[in-house]
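Every number in this text was worked out from the coordinates using simple rules, so none of it is lab data. Note that the coordinates shown come from a computational prediction; the quantities given were computed from them, not determined experimentally. Neighbour counts run over all protein chains shown; Cβ positions are idealised from the backbone, glycine included.
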Amino acid sequence: MSFDRPPVDRNSPAGARVAAKDAVWSPRALSRKVTMSLPLSLLDLATVGKGETAREALEGSVALARTAERTGFRRVWYAEHHNSPGIASSATAVLIAHVAANTRSIRLGSGGIMLPNHSPLTIAEQFGTLASLHPGRIDLGLGRAPGTDQVTMRALRRDATSSDTFPRDVQELQGYLSGESLLPGVEAYPGSGTNVPLYILGSSLFGAQLAAALGLPYAFASHFAPAALEQAVAVYRREFTPSDQLAEPYVIAGVGVATGETDAEAQAQLLATQRSRVALILGGKRDFTDDEADMVLASPQGQHLLEMMRYTAVGTAATVGEYLTTFAKHADADELIVALHATTVTERLRAAELVAQAGALTGN
């Protein structure tokens with residue numbers, strides 16, 4: 001199987017719809033049930049759909065985590081984004097606290113906290129509090145991107161050089177959580193000694209090399225930045241140095257899923273998601289009609305947006321199961337984290353059920 005995106009006919013009058021449909025490789029559906037040999041997890045952006053409120057999206061995140069817990073997903077992570085009306089996970093630690101209080105056992109965490117937006121001590125205190133309230137359930141995934149645009153970055157009191165200290169900030173954070181602070185006389189309360197597990201998130205060789213050097217798990221954002229997947233994972237595995245947290249390399253690879261009871265339903269979910277991405281990435285706070293979004297998708301700029309979704313499973317549960325199994329081998333991954341391409345809470349809940357069915361999950 002190839003994961004290369006097939007070419008799109010840009011000369012057709014229906015080019016946008018062709019582009020949206022053909023932009024993601026999809027294997028043929030299988031009649032057999034596919035059993036995953038590795039854990040599946042979920043990435044939740046608390047997406048605010050058309051006509052939905054932030055409260056409804058946040059309530060949907062609780063419902064999704066409960067579904068994930070019941071159907072056997074390993075963990076649910078939430079991503080820090082700012083100044084985006086379609087995403088309600090900006091106060092990531094607050095959202096994790098709310099979901100944790102309304103679930104029982106599933107692991108929850110950040111995928112990720114953009115550490116240069118914060119002081120390491122503040123994050124240690126926040127996640128130390130979470131770990132104290134919900135022991136054994138909290139993960140801390142860390143990224144170095146701003147998670148927003150340049151103007152909002154400045155509003156966060158971050159400057160263009162903030163990411164330069166990311167490696168040192170990760171080590172400072174690690175010191176607070178381990179109880180071995182790098183700053184004499186400064187400790188995280190709560191946080192000290194909680195040993196909240198850290199994960200390095202990335203989409204380039206930088207993150208792979210940092211995770212390897214620190215002996216931390218590495219989560220690659222292949223669900224939206226696929227280009228360096230194979231090279232980054234290879235570098236990480238080759239350069240990995242064991243640490244107190246991790247004896248062997250551990251890779252989590254992101255993958256998109258658009259699924260439904262039929263292939264037609266799955267394709268409809270994919271197209272709706274691609275249209276929503278146009279507004280999210282290109283439109284700021286402006287709404288696009290379907291026709292306008294399709295025109296963008298058919299343009300060279302749209303080509304880049306579609307390429308971002310290269311690693312996406314599209315189809316029924318059986319088709320998705322085959323794709324995930326093959327993608328896990330392609331990515332040399334120990335775990336997959338799934339970004340559900342569904343535009344409403346109800347659709348995301350059903351999609352999670354179908355992905356669990358695809359992976360034959362039994363309480364990973």
Inset, instruction - Could you state the orientation-averaged shadow area of the convex hull built on the Cα atoms of region 214-279, in nm² to one decimal? - result: 6.3 nm²
Legend entry - For Tyr199, residues with placed amide H under 5 Å, excluding near neighbours: Leu140, Gly141, Leu142
Legend entry - ³J(HN,Hα), Karplus 6.51/-1.76/1.60, whole Hz, each residue of region 231-237, x for Gly, Pro: 5, 5, 5, 4, 5, 4, 5
Legend entry - Positive-pole candidate from Leu173, Thr194, Thr161, dipole of the chain, charges at beta carbon: Thr194
Inset, instruction - Give the span of region 166-305's Cα atoms along each principal axis, as three whole-Å numbers ordered largest to smallest. - result: 59, 34, 32
Inset, instruction - Highest first, please rank the peptides 339-348, 128-137 by the mean number of other Cβ atoms sitting within 10 Å of their residues. - result: 339-348, 128-137
Inset, instruction - Assign unit charges at the C-beta atoms only (+1 for Lys and Arg, -1 for Asp and Glu), then state the dipole size of the chain relative to its Cα centre in Debye, rounded to the nearest 20. - result: 360 debye
Legend entry - Estimated distance in nm for a label pair at Gln301 and Ala268, the labels positioned 7 Å out from Cα along Cα-to-Cβ: 2.9 nm
Inset, instruction - Kindly put Phe288, Phe127 in sequence by how many other C-beta atoms sit within 10 Å of each C-beta, fewest to most. - result: Phe288, Phe127
Inset, instruction - Set Lys and Arg Cβ to +1 and Asp and Glu Cβ to -1, take the dipole of the chain about its Cα centre, and tell me which of Ala211, Pro85, Ala272 lies farthest positive. - result: Ala272
Inset, instruction - Beta carbons within 10 angstrom, averaged per residue: use that to sort the peptides 323-330, 170-177, highest first. - result: 170-177, 323-330
Inset, instruction - Please give the per residue volume of the convex hull enclosing the alpha carbon atoms of the chain, rounded to a whole number of Å³. - result: 129 Å³
Legend entry - Value of relative contact order over region 15-359, rounded to a whole percent, pairs C-alpha under 8 Å and six or more apart: 24 percent
Legend entry - Cα-based radius of gyration of region 267-319 once divided by 2.2 N^0.38 Å, which approximates compact folds: 1.17
